[in-house]
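Accompanying notes for the structure given below.
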Amino acid sequence: MSVRIVSTGGTIASTEDDGADANPDLTGDDLVAAVPALDGLTTVETEDFATVPSPYLSFEDLLDLVDLLRELDADPEVDGVVVTQGTDNLEETSYFVDCCYDGETPVAFTGAMRTPSQASPDGPANLLAGVRTVLDDSARDRGVLVVFNDRVHAAREVVKAHSMNVDTFRTPEFGPLATVDEDRLVWRRRAENPDPTFSPTASALPDEVLTCVATLDMSDSVLELGTEADAVCLAAMGAGHVPPKILSALETLRDEGVPVVATTRCPEGRLARRTYGFRGSERTLQELGCYYSDLNLQKTRVKAVLALAEDRLSDAFDRPTPN
């Protein structure tokens with residue numbers, strides 16, 4: 001059995017410079033050397049895909065990563081892949097890959113919240129847990145996984161819940177798929193994934209997919225920028241409600257033919273469909289022709305970018321109509 005470690009940088013690969021500021025410069029071999037427990041567990045090979053902070057990653061980079069994963073999936077010598085990266089946008093990058101990668105070889109993303117130079121760095125334990133996960137037979141056919149702090153999450157569902165705590169990655173509402181207990185995986189549920197698989201070209205990816213969060217007494221200035229956008233992703237209040245001040249801007253987007261994909265700004269739950277009827281409620285969103293997403297705003301934008309690249313918004317999102 002063998003596992004390929006694909007390193008991209010991030011905190012797990014960062015060391016302090018003379019000013020005590022961390023920068024990613026460790027290689028995949030460096031990461032593996034810090035985990036002696038990998039010896040005897042499996043054959044480990046490394047691939048240095050990038051050495052950057054995760055905010056530097058682009059959609060085009062992720063398409064290249066998907067291509068690499070497909071190559072590894074076609075290699076009969078590779079039983080699993082662990083991708084290491086920074087945590088800032090890991091919930092988005094792992095979900096992007098989940099939407100595009102349809103191979104049989106298990107893939108797990110992991111990283112660290114503490115650099116190797118800090119007290120009790122979590123990177124080695126996360127890397128070991130990631131390797132154990134992709135080697136487990138039950139990891140197959142579960143989509144891309146995210147492994148942190150001995151918990152295994154579905155990439156579609158996981159969120160980064162804390163800016164600095166090592167227990168940052170959580171799955172709101174439904175909880176993790178499994179936990180790592182010593183040297184074994186304990187699986188407790190299987191996630192449902194209603195998303196289609198995408199295979200866009202880099203040139204087809206849209207340039208402007210804006211995001212907007214509905215907030216108390218907000219103005220419509222942000223949405224006014226959306227008239228030049230490829231789409232607008234809107235995190236509505238509660239079950240799908242927006243302040244009346246932005247309704248005219250939403251009507252303009254509809255009239256200009258700019259798609260609006262709505263979700264809730266709440267960490268759990270989905271948009272209502274027929275509970276409220278006041279102007280600015282979910283009924284108004286439906287009357288405006290908004291698409292519905294059951295993902296958080298970050299992942300809604302990722303899915304919208306992929307869907308727009310293949311002209312498949314209707315495949316990707318529901319578009320309920322008012323009764």
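FYI, it's all coordinate maths here, none of it is from the lab. Here the structure is a predicted model, which is why all the values come from computation and not from measurement. All Cβ positions, even for glycine, are placed from backbone atoms using ideal geometry, and neighbour counts span all protein chains on display.
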Over the chain, the sum of -39500 (n - 2.57) across DSSP H runs of at least four, divided by residue number and rounded to 500 deg cm²/dmol, gives at 222 nm -7000 deg cm²/dmol
Cβ-Cβ cut-off under 10 Å around Val32, Lys and Arg +1, Asp and Glu -1: the net charge is -4
Excluding Lys245 itself, what net charge comes from residues whose Cβ is under 15 Å from its Cβ, given Lys and Arg +1 and Asp and Glu -1? -3
Rotationally averaged projected area of region 146-279 (alpha carbon convex hull; nm²): 11.5 nm²
In a Debye calculation with equal point scatterers on the alpha-carbon sites of region 1-64 and no solvent, what is log10 I(q)/I(0) at q = 0.19, 0.21, 0.24, 0.29 Å⁻¹? -0.77, -0.88, -1.00, -1.19
Scan region 272-323 for trypsin sites (Lys or Arg not before Pro) in coil per DSSP, keeping those whose Cβ has at most 12 other Cβ atoms within 10 Å, and list them by number. Arg274, Arg279
Sparse-neighbour loop sites [GluC sites (Glu not before Pro); region 154-201; at most 14 other C-beta within 10 Å; DSSP]: Glu173, Glu182, Glu192
How big is region 192-250 along each principal axis, measuring the range of its Cα positions in Å and listing the largest first? 40, 32, 14
Report, in whole Å, the centroid distance computed from the Cα atoms of region 182-231 and region 280-299. 12 Å
Helix 123-135: angle to the longest alpha-carbon principal axis of the chain, degrees 0 to 90, nearest 10? 90 degrees
Directionally averaged projected area (convex hull, Cα atoms, region 1-118), nm²: 7.2 nm²
State to the nearest 20 debye the size of the charge dipole of region 60-120 about its Cα centre, where the only charges are +1 on K and R beta carbons and -1 on D and E beta carbons. 440 debye
Please return the longest range in the chain lying between exposed loop sites, taking chymotrypsin sites (Phe, Trp or Tyr not before Pro), DSSP loop only, at most 13 other beta-carbon atoms within 10 Å, and leaving the sites out. 1-173
Tell me, Kirkwood radius of the chain from alpha-carbon pair distances, in Å? 20.6 Å
Whole-Å distance linking the alpha carbon centroid of region 32-55 with that of region 80-122 is 12 Å
Are there GluC sites (Glu not before Pro) in region 54-87 that DSSP puts in a loop and that have at most 16 other Cβ atoms within 10 Å, and which ones? Glu77
Note down the net charge around Asn323, summing +1 for each Lys or Arg and -1 for each Asp or Glu among other residues with Cβ under 15 Å from its Cβ. +1
Return the tail of the calculated pair distribution for region 171-216, meaning the percent of Cα-Cα pairs more than 18 Å apart. 65 percent
For helix 90-100, what angle does its Cα long axis make with the longest principal axis of the chain, in degrees from 0 to 90 and rounded to 10? 80 degrees
If amide H atoms are modeled at 1.01 Å from N in the peptide plane, then the residues at a separation of 5 or more from Val144, or on another chain, having amide H under 5 Å from its own are Ala155
